[in-house]
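The values are calculated or read from the model by the stated rules, or taken from the named source; none is laboratory data. The structure presented is a predicted model; accordingly, all values stated were derived computationally and were not measured. Cβ placement follows ideal geometry from the backbone for every residue including glycine, while neighbour counts extend to all protein chains displayed. Quick note on the areas: whole protein, heavy atoms, side chains included, nothing else; ligands and nucleic acids left out. Shrake-Rupley method; radii C 1.70, N 1.55, O 1.52, S 1.80 Å.
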Amino acid sequence: MKRSIKDLKLAEFAAHLEDCQQPSYRAQQIWQWLFQKRATAFSEMSNLSATLRRQLDEEFEISRLRLVRRAESADGTIKFLFGLADGESIESVLIPEPKRLTLCVSTQAGCGFGCAFCATALLGFKRNLRASEIIDQVLEASKTLTDGRRITHIVLMGMGEPLANYTETLKALNVMTDTSWGLGFSPRRVTLSSVGLVPQIKRLMEETRVNLAISLHAATDEVRGRLMPVNRKYALRELIDCCRSLPIPRRKRITFEYVLLRGVNDSVEDAQQLAEMLRGIRCKVNVIPFNPHPGSAFQRPSDAEIERFQEVLQEHGLQINVRRPRGDDIQAACGQLQGEEYKQKQRPEPVAAVAP
Ligand code: SAH
């Protein structure tokens, strides 16, 4: 079987070309074809010799995702369902806003973390995506854009836990942010969201400059443990201590995500505890009113309750942002991504929380 070229690191590919007696600049040239000119066949690479093009074609494949379905919401949000070579499927969501066009990408097929309110959790863990499959979501979604529109921001907030797929995610982040041969997104425009895997968070902050978002969702271990099984492995204290000690550059902030669930974590006291816990951390809080989906009994609080929660945080001086649901009419909002095979009755046992 041919190797998928987009799964190689540039250095690996360069070493391979060197073994084939090719000049050292070739690898970068080919990477520019793949990620900047977005070639889908070696035959397009017109500044390479016919022999080299043929040789590459014999050895490597240029992967593509199969677009299975595209759904457009009344608010302009577009959800893509992509089929992978082995039959798994993943979703990506394009979110237009007045001054930005954000693509939300998946990093795993399914998810093993079992968050109680999340639709993706119902699928259980299928497998990690390869770097090429993460990058290809950006390439394929871009190809569908017309009128010169371009994706301006990328969020790793689709299906799966990016930090549980660390190596492939990091490879993909490198491609996204490299300016000489990659997609050229400024790391300031790329945000990775995690359930809170402490060792990998530290590593990510040392190895990249992308923005970090942490799914917090509760201010006590008791509530967080019920909502997010991962809290049994990395409890709040350890997670918050980690966030406090991260080398976050000036002008940058950690984002904490907080899904508001009626009667579960939305009281004034919850807001006070949250504010207390985050005191002194340079951060902002993204409040996400729960997006309902079939298969979940949680409820979204009323607008008045959401506002009250927000006010308490603001009184404590926190910078907060209440996320409007986008694309909820096509099941494309946060936590609604579930691929094709939805109708599972029982929540699978979370595996990753015990052994990520
Ligand atoms: N695994 C990563 C990436 C998923 S990001 C993480 O957990 O951070 C998706 C965000 O949407 C997370 O903050 C997640 O907790 C939140 N979310 C999941 N289900 C939701 C729902 N039904 N309504 C609102 N937000 C939800």
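Tell me the volume per residue, in Å³, of the convex hull enclosing the alpha carbons of the stretch 1-146. Intermediate values should be presented prior to the final figure.
On the way: hull volume 21.7 nm³, N = 146.
For the stretch 1-146, the hull spanned by Cα atoms encloses 149 Å³ per residue.
Add -39500 (n - 2.57) for each DSSP H run of 4 or more in the chain, then divide by its residues: what number comes out at 222 nm, to the nearest 500 deg cm²/dmol? Walk me through the intermediate numbers first.
Details: 10 runs with 106 residues, N = 356.
Result for the chain, helices only: -9000 deg cm²/dmol.
Under the rule of at least 5 residues apart or a separate chain, name every residue whose amide H is placed under 5 Å from the amide H of K126.
Under 5 Å from the amide H of K126: A109, G110, C111.
Report the extension gain between D19 and T152 in nm, rounded to one decimal, defined as 0.36 nm multiplied by the number of residues separating them, less their alpha carbon distance. Before the final figure, lay out each step's value.
On the way: separation 133, 0.36 × 133 = 47.88 nm, distance 3.77 nm.
Length gained, D19 through T152: 44.1 nm.
With a ≥ b ≥ c taken as the square roots of the eigenvalues of the C-alpha gyration tensor of the stretch 1-57, please select rounded if a/c is under 1.5 and otherwise prolate if a/b is larger than b/c or oblate if it is not? Mind showing how you got there, number by number?
On the way: a/c = 1.25, a/b = 1.12, b/c = 1.11.
Rounded, because the longest to shortest axis ratio a/c is under 1.5.
Can you give the accessible area of M157 in Å² (nearest 10), computed on protein heavy atoms with a 1.4 Å probe?
Approximately 60 Å² for this residue.
Quick test of your reading: applying the under-4.7 Å Cβ rule, which cysteines of the chain are isolated?
Cysteines lacking a close Cβ partner in the chain: C20, C104, C111, C242, C243, C283, C334.
Per residue Cα convex hull volume for the chain, in cubic angstrom? Don't skip to the end; give the middle numbers.
On the way: hull volume 51.5 nm³, N = 356.
Considering the Cα atoms of the chain, their hull volume per residue is 145 Å³.
Sorted by mean Cβ packing within 10 Å, highest first, what order do the peptides 206-213, 139-146 take?
Numbers: 206-213: 17.2, 139-146: 14.6.
Per-residue mean Cβ counts within 10 Å order the peptides as 206-213, 139-146.
Within a Cβ distance under 13 Å of C334, other residues only, what is the Lys/Arg minus Asp/Glu net charge?
On the way: positive: K79, R300, R323, R324, R326; negative: E91, E257, D328.
Residues close to C334 contribute a combined charge of +2.
Return the carbon/sulfur percentage of the accessible area of the stretch 55-207, one whole number, probe 1.4 Å, all protein chains in place.
On the way: 2570 of 5750 Å².
The computed percentage sits at 45.
Can you work out the accessible area per residue across the chain, with the rest of the protein chains kept in place, probe 1.4 Å, in square angstrom?
Heavy-atom SASA per residue in the chain reads 46 Å².
Could you give the distance between the Cα centres of the stretch 55-100 and the stretch 306-338, to the whole Å?
26 Å
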